[in-house]
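Below: the structure, in C-alpha cells.
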Amino acid sequence: MGEKYGFAQEITACWNIATLSTEAAATTVVVESDLNPDGTPVASSIRLLGHDGGSEAAAGQAFEAAKRAIIRCGSRGYDLSSEKLASDCTIVITFDPGRTTSAVGIIARQKIAH
C-alpha cells in the first residue's frame, strides 16, 4: 500500500491539468503503461483504457496530460521494488481530477503482463 501511494505521489508532481479545457480538466482517464526493468515507462506502450465525465476530445486532452506526467516523472525510473520490476511490469493509473483524496486523484495499481 505504501509503495503504491508513493508511486502515485511521484506522478502527482508532474500531472498538470491547469492548461486543459474545463471539460478535459474534469475528465477521469484510466491509463496503462509498461515499465522497463529500470522503472522507466515504455513511452510507446502508454495507452488510454477508458474515460469518464467528458467527450472523446476532452478525454484525448486529459490522456495527453496523463501521458506527459508518466513520461516526465518516470524519466529516472519509478521507485518500485526490484522484484516487481524483474518481470514484465504493467501499471494502470486512474487520473481523477474530481477525487480529493489518495494523491490528488491518482490511483495506481500494478498488474503483471504475461
Next on the checklist: Anything in the stretch 7-39 that is in contact with a strand residue (DSSP E or B) (Cβ under 6 Å, 6 or more places away or on another chain) and among the hydrophobic types (A, V, I, L, M, F, W, C)? List them, or say none.
Outcome noted: Phe7, Ala8, Ile11, Val29, Val30, Val31, Leu35
Checklist entry - Could you give every pair whose Cβ atoms fall below 7 Å, whose first residue belongs to the stretch 6-32 and is farther than 15 Å from Gly60 by Cα, and whose second residue is open to solvent by 40 Å² or more (accessible area, probe 1.4 Å) and of a type in the set (Gly, Ala, Ser), counting only separations of at least 6 or pairs across chains? => result Ala8/Ser102
Next on the checklist: Please go through (1) open to solvent by less than 30 Å² (accessible area, probe 1.4 Å); (2) modelled with pLDDT of 90 or more for Glu56 and return the number of the only condition it doesn't satisfy.
Outcome noted: (1)
Checklist outcome for this item: Here the residues within the stretch 1-39 that are assigned to a helix (DSSP H, G or I), modelled with pLDDT of 90 or more and either surrounded by 13 or more Cβ atoms within 10 Å (Cβ to Cβ) or charged (D, E, K, R) (or both) are Glu23, Ala24, Ala25
Checklist entry - Counting just the residues of the stretch 72-88 that are open to solvent by 70 Å² or more (accessible area, probe 1.4 Å) and in a helix (DSSP H, G or I), which one comes out modelled with the highest pLDDT? => result Arg72
Next on the checklist: Can you confirm whether Val42 is open to solvent by 30 Å² or more (accessible area, probe 1.4 Å), at pLDDT 90 or above and not hydroxyl-bearing (Ser, Thr, Tyr)?
Outcome noted: yes
Checklist entry - Across the stretch 21-36, what is the number of residues that are more than 14 Å from the chain's Cα centre (by Cα) and within 17 Å of Ile71 (Cβ to Cβ)? => result 1
Item to check | Residue list for the stretch 46-56, filter: without any contact (Cβ under 8 Å) to a residue 24 or more places away in the chain and either more than 18 Å from Ile91 (Cβ to Cβ) or not in a strand (DSSP E or B) (or both) | outcome: Glu56
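The values are calculated or read from the model by the stated rules, or taken from the named source; none is laboratory data. On a predicted model such as this, the values are computed, not experimentally measured, just so you know. For neighbour counting, all protein chains shown are included, and Cβ atoms are generated from backbone atoms with ideal geometry for every residue, glycine included. When the accessible area is computed, the model is the full protein with side chains, heavy atoms only, and any ligands, DNA or RNA have been set aside. Shrake-Rupley method; radii C 1.70, N 1.55, O 1.52, S 1.80 Å.
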